[in-house]
1. Loop-only check: which trypsin sites (Lys or Arg not before Pro) in the range 1-93 are DSSP coil with at most 12 other Cβ within 10 angstrom?
2. Go through the cysteines of the chain and tell me which have no other cysteine Cβ under 4.7 Å away.
3. Just flag the chymotrypsin sites (Phe, Trp or Tyr not before Pro) in the range 177-230 sitting in loop per DSSP whose Cβ has no more than 16 other Cβ atoms within 10 Å.
4. Under a Cβ-only charge scheme (Lys and Arg +1, Asp and Glu -1), can you give me the dipole magnitude of the chain about the Cα centre, in debye to the nearest 20?
5. Which of the lysines could be linked to residue 12 by a straight reach, that is with a Cα gap under 24 Å, when you skip same-chain ones fewer than 8 residues away?
6. Report the residue, chosen from 256, 265, 213, that carries the largest GNM mean-square fluctuation when the chain is represented by alpha-carbon nodes joined by springs under 10 Å.
7. Residue 53 to residue 235: FRET efficiency via 1/(1 + (r/R0)^6), r the Cβ-Cβ distance, R0 41 Å, to the nearest 0.05?
8. Over the range 1-81, average the accessible area per residue using a 1.4 Å probe and give it in Å², no decimals.
Amino acid sequence: MTGSWIANHDEKGAEILTRAKLVTLNKAAIAACDAADGVSDGLIADPRQCRFDPGTLLCKGAEEGGCLTAVQVAAARKIYAGPRNLRSGEAVFPGWDPGSEAPGGDPKLGWTAYIVGQPEPVRLELWKYWAFGDPGFDWHGFDFDRDLAFADEKMPNMNAVDPDLRRFRDRGGKLLMYFGWADNVSSARLGVDYYESVARRLGGDRKTQDFFRLFLAPGMGHCQGGPGPDSFDAVSALDQWVEQGLAPAQLVATHRTNGLVDRTRPLCPYPQRAAWNGSGSVDEAANFACVTGGWPRPASDAAWLARVQEIAATQRRASVGRLNAN
Ligand SMILES: [Ca+2]
């Protein structure tokens, strides 16, 4: 968020992308990628497959609502890409995904809260008080290399990235995780990358899904909201799993407008996806099935994963250190 705010302000602190331009971006991203997932439903089923370039919106003449200036295009590209280490060029955190700019074309949702109408980067308190212990900390001098490394070392427990869940698994723990693909706070790719790191650590999907399943909701915002089905009973699913050993094969999610259900859709345990059977309403879950394949397994960001593995190793060392000290 801090990085996205910086990307959306010029050197004088003036805003670059406005609320209206976030809606323009959202409409263009949906137009570019909605049908490519096989179902024209206003949702991007998997934004990782979306190759939307905001450069296609570049104004041909004078700026108007339906186009972006070159400066706005550059800001949007930076926000989608996420912050990078200026020295090494490595991604340090996933950017926001196509479809999350203003979900459903609503400027109140999406990126607005974090990058429009804010006098300074949001969540600065984390850096001022937790990381640096300095209320006078000036974010202008923030170094995405040195200062991130400092924070990782000082607050390893802020990063819940350890893929070694064997002790949790062995004592019967079940983990049901979900993300919305239109999350305007933390990209669903964080969940995907974490799942992938656990699967690698524990020997593949089957062994992982015995106790850990990830569900991704197309068009859902941060935990809820957005144009995608966002209401589902994860607690009962988890309860059945723990108490009766019935692992959730899918979660049926519901979307309501003004209190009325207008769309249902199964959410599938990643890496499965919900595939439309080719007939019947795309707004009814019964016309979808969870299938494997059809899309390439994503190559998770190697630099990002290497970094979280390093943080996890630091956490384990710190934990062992505490145990020894006791
Ligand atoms: Ca779609």
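1. Passing sites in the range 1-93 are 12, 51, 60, 87.
2. Among the cysteines of the chain, those whose Cβ sits 4.7 Å or more from every other are 223.
3. none
4. 820 debye
5. 21, 78, 128
6. Per the Cα network of the chain with a 10 Å cutoff, 256 tops the list.
7. Efficiency for this residue pair is about 0.55.
8. Details: 3790 Å² over 81 residues.
For the range 1-81, the solvent-accessible area averages 47 Å² per residue.
The values are calculated or read from the model by the stated rules, or taken from the named source; none is laboratory data. Predicted, not measured: the structure shown is a model, and the values here were computed from it. As a convention, Cβ positions derive from the backbone with ideal geometry for all residues, glycine included, and neighbour counts pool all protein chains shown. Side chains included, ligands, DNA and RNA excluded: accessible areas come from the protein's heavy atoms. Shrake-Rupley method; radii C 1.70, N 1.55, O 1.52, S 1.80 Å.
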